[in-house]
Amino acid sequence: MEYQNRERTVTFFISALLLFAVVLGCRQLARRRYDSTNNRGNGRINAQGKASDSLTEKTGLYIKQCVNKYSNSVVDSYRRYASWIKDVEKGPTGREDIVYGLYEISSDGQDCVDAIKKAKSMEPELPEAEASADGYATALKEAITQIKAIYPYYNHEDYKDDGFQRGKAAHPALLRAFKNFEQANKSFDAQVDKLEDEVAQKRLRDLKGDSSKKYEYSVTDTGIKAKNIMRFVKQTEYSQIKAENLQPMIDDFEKSVDDLKSAGANKSLSSLYISSCDGFLKASKELMRRVRDKKPFSDFERRELGKSAGWMVEGSPDKLLNKYNEMIQRRGMGV
């Protein structure tokens, strides 16, 4: 399978932010933002405005009910499972020193399936995105089914009673479900990424020139420019990242943050989002400086990359992703 050896070197650890690790290259996704205020206050009630509203709502269903709610949960469950198995292709042997099992998925995924069905009934028709969404829904339901089937077995330590027979028997279907989800998730996330960009650009155009919406404009603008940095780092192998390519995007983002601070001076809750933008700006500069100065990761830092503590490694894509997600979480505050 593609990216099977992603853990061999630090380059493989951090060159992609959308794939699973070990066999699946497990990485968390950047969170996405659905702005329900996208078309408020613009006074447009014509067909074009309604179509834009519908696209925003359709994109929001994908983001809120599927990507943000389930994608990282399935990734985390797989990562937990793969962390204690020596050869995840072969599965558990029963001779493992530590057995962590896997993380439970609390919901059954039906809300995502229903959201995808509802989105398909809405204008505009988006055949490629809708087909990708259907594939995601199918893969998600199967992954959750397999996780729920084996989770109690590991949680209750029943493997101590049957010599790991059920764990071994369940492994092929479980791993297959994780692999299928990886592919479906990759395709669906790419489609949602395009829709998210379209909605954001539409909002930026609607807000531009409205003196009463300078802060809202700046919030959207900083979001777009932060995503450009995140996308560049995500899509570029770490060893190929060049400071001269990254620096102009950072400069552009910093200017937008300065505009945001000016526009949000009288917004009571704006400081929360502004501080998260500053955090992302700082993390971007740290990464650029590490690349520019050719500063290698230490052995300790290399071991942390791709894990839960990777966000603490200065100048790493892990930290950049963490600060980006913080921006997304705080984006609606004060708007």
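The values are calculated or read from the model by the stated rules, or taken from the named source; none is laboratory data. In this text the structure is predicted, and so the values were computed from the model without any measurement. Here the Cβ positions follow ideal geometry from the backbone for every residue, glycine too, while neighbour counts run over all protein chains shown. Accessible surface areas use protein heavy atoms only, side chains included; no ligands, DNA or RNA. Shrake-Rupley method; radii C 1.70, N 1.55, O 1.52, S 1.80 Å.
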task = Scan region 130-159 residue by residue and report those that are more than 29 Å from Glu96 (Cβ to Cβ) and open to solvent by less than 40 Å² (accessible area, probe 1.4 Å).
result = Glu130, Ser132, Ala133, Gly135, Tyr136, Ala137
inquiry  = Taking the conditions exactly as written (at pLDDT 95 or above, within 30 Å of Glu57 (Cα to Cα) and either open to solvent by less than 70 Å² (accessible area, probe 1.4 Å) or assigned to a helix (DSSP H, G or I) (or both)), does Ile116 satisfy them or not?
reply    = yes
request  = Of the conditions (1) within 29 Å of Lys307 (Cα to Cα); (2) open to solvent by 20 Å² or more (accessible area, probe 1.4 Å); (3) modelled with pLDDT of 90 or more, Ala30 clears all except one; give me its number.
outcome  = (3)
task = Look at region 255-283 and say how many of its residues are free of Cβ contacts under 8 Å to residues at least 12 places away in the same chain and either in contact with a His (Cβ under 9 Å, 6 or more places away or on another chain) or of a type in the set (A, V, I, L, M, F, W, C) (or both).
result = 1
message = Against the condition out of contact with any helix residue (DSSP H, G or I) (no Cβ under 8 Å at 6 or more places or on another chain) and outside any helix (DSSP H, G or I), how does Glu89 come out, does it pass?
response = no
ask   = Do we find that Gln247 is open to solvent by 60 Å² or more (accessible area, probe 1.4 Å) and among the polar types (S, T, N, Q) in this structure?
value = no
Positions within region 260-271 being part of a helix (DSSP H, G or I) and open to solvent by 70 Å² or more (accessible area, probe 1.4 Å), in sequence order = Lys261, Ser262, Ser271
task = Using the structure shown, decide if Asp108 is touching a residue at least 40 places away in the same chain (Cβ under 8 Å), within 17 Å of Phe178 (Cα to Cα) and exposed (fewer than 15 other Cβ atoms within 10 Å of the Cβ).
result = yes
ask   = Does any residue in region 126-138 that is free of Cβ contacts under 8 Å to residues at least 40 places away in the same chain come within less than 7 Å, Cβ to Cβ, of a residue that is part of a helix (DSSP H, G or I) six or more places away or on a different chain, and which pairs are these?
value = Glu130/Lys120; Asp134/Ile116
ask   = Do any helices (runs of 4 or more DSSP H) lying entirely in region 136-240 carry at least 3 residues that are within 22 Å of the chain's Cα centre (by Cα), and which ones are they?
value = 165-207, 214-235
query = Condition test on Lys267, is it modelled with pLDDT under 95 and closer than 16 Å to Tyr217 by Cβ?
reply = yes
ask   = Can you name every residue in region 84-99 that is surrounded by fewer than 16 Cβ atoms within 10 Å (Cβ to Cβ) and within 18 Å of Ala143 (Cα to Cα)?
value = Glu89
task = Any residue in region 226-254 that's of a type outside the set (Phe, Trp, Tyr): show its pairings with residues that are open to solvent by 40 Å² or more (accessible area, probe 1.4 Å) and at pLDDT below 95 at Cβ separation under 8 Å, as long as the two are six or more apart or on different chains.
result = Lys227/Asp197; Lys234/Leu18
task = Just give me the residues in region 164-185 being under 11 Å from Pro92 (Cα atoms) and in contact (Cβ under 8 Å) with a residue 12 or more places away in the chain, in sequence order.
result = Phe164, Arg166, Gly167, Lys168, Ala170, His171, Pro172
